[in-house]
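Reading through the structure tokens given below for one structure.
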Amino acid sequence: MTLYYRRRRRRIILFIILPLIITFLAIYFYSEISRNFVDLSQEKVYSACFNLINSVISDKISEIGTENIIEYKYDSNGSIIAVNANVVAMNILNTKIAEEITNNLSKLNNLYVKIPLGSFFSSNILAGVGPDIPIRILPLSIVHTEYNTEFTSTGINQTQHKIFIKINCTVGVLSSLSSRTQEINIEIPIAETIIIGNVPQTFFQVPQQN
């Protein structure tokens, strides 16, 4: 009888401890997967949005032409004395870029960025092993555009002038593991030139936001 009760007690203990161990391991692996999933999916989502935005900006700049947006005035010695902007053209460019990005982000409803499940465990052995997790990207906010200008010294008596367009938007990231939002901030140069001599005293104020 003593042996019987010992075996029975061991079984009872096993039935109690085993589910606890399984539950603990499940929580641990889910936590580890979720943590790595967020890091990896952020990179994938940013990369997809960057490629999309960069492509849109390149296309719209090609349509309008940089020479129709910015005008450099020179003196008799060939030195730049003023940098002027076609504000109307810049605002049109702003609007076209924002609209096109919004439309293309909407098309990302059917885009699935796949990440190997094995990569979530931070293991070189498991990296690339396992099923892929589909991710859907959804636009959640209006695309905001903003111009920035910058003068940078590049050498003796030389200054580089750059114009950037900054894109800001918020997207939703949906998957079977989690749902979250991600803010996308991208700044891309759209024009640049090297100024020899003094920085011109007259230069345009770019439109700030659309």
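Does Ile97 qualify as being of a type in the set (Val, Ile, Thr), at pLDDT 75 or above and out of contact with any Lys or Arg (no Cβ under 6 Å at 6 or more places or on another chain)? Please lay out each step first, then the result.
Details: of a type in the set (Val, Ile, Thr): yes; at pLDDT 75 or above: yes; out of contact with any Lys or Arg (no Cβ under 6 Å at 6 or more places or on another chain): no.
When the stated conditions are applied, Ile97 does not pass them.
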Subset of segment 62-109 [crowded, with 18+ Cβ neighbours inside 10 Å and closer than 19 Å to Thr170 by Cβ]: Asn94, Ile97, Ala98, Glu100, Ile101, Leu105, Leu108
Under 8 Å between Cβ atoms, which residue pairs at least 6 apart in sequence (or on different chains) link something in segment 64-89 that is under 21 Å from Gln158 (Cβ atoms) with a partner that is among the small types (Gly, Ala, Ser) and assigned to a strand (DSSP E or B)? Thr66/Ala191; Ile70/Ala85; Ile70/Ala191; Glu71/Ala85; Tyr72/Ala82; Lys73/Ala82
Hey, can you tell me all the residues within segment 49-96 that are of a type in the set (A, V, I, L, M) and in a strand (DSSP E or B)? Ile70, Ile80, Ile81, Ala82, Val83, Ala85
Which of the residues belonging to segment 177-196 are assigned to a strand (DSSP E or B) and among the hydroxyl-bearing types (Ser, Thr, Tyr)? Ser179, Thr181, Thr193
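Being within 10 Å of Ile101 (Cβ to Cβ) and small (Gly, Ala, Ser) is the filter here, so list the residues in segment 44-58 that pass it.
Selection gives Ser55 alone.
Identify, please: which residue in segment 40-61 is closer than 30 Å to Ala89 by Cβ and either within 8 Å of the chain's Cα centre (by Cα) or among the polar types (S, T, N, Q) (or both) and is, among those, surrounded by the fewest Cβ atoms within 10 Å (Cβ to Cβ)? Steps first, please.
Initially, segment 40-61 is screened for residues closer than 30 Å to Ala89 by Cβ, giving 46, 48-61.
Filter again for either within 8 Å of the chain's Cα centre (by Cα) or among the polar types (S, T, N, Q) (or both), leaving 46, 48-51, 54-55, 58.
Values: Tyr46: 16, Ala48: 18, Cys49: 22, Phe50: 14, Asn51: 10, Asn54: 13, Ser55: 13, Ser58: 12.
Here the residue is Asn51.
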For residues that are of a type in the set (Phe, Trp, Tyr) and either surrounded by 15 or more Cβ atoms within 10 Å (Cβ to Cβ) or more than 22 Å from Gly78 (Cα to Cα) (or both), tally how many sit in segment 137-185. 2
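The values are calculated or read from the model by the stated rules, or taken from the named source; none is laboratory data. Everything numeric in this text was worked out from a predicted model, so none of it was measured. Here Cβ is always computed from backbone atoms with ideal geometry, including for glycine, and neighbour counts include all displayed protein chains.
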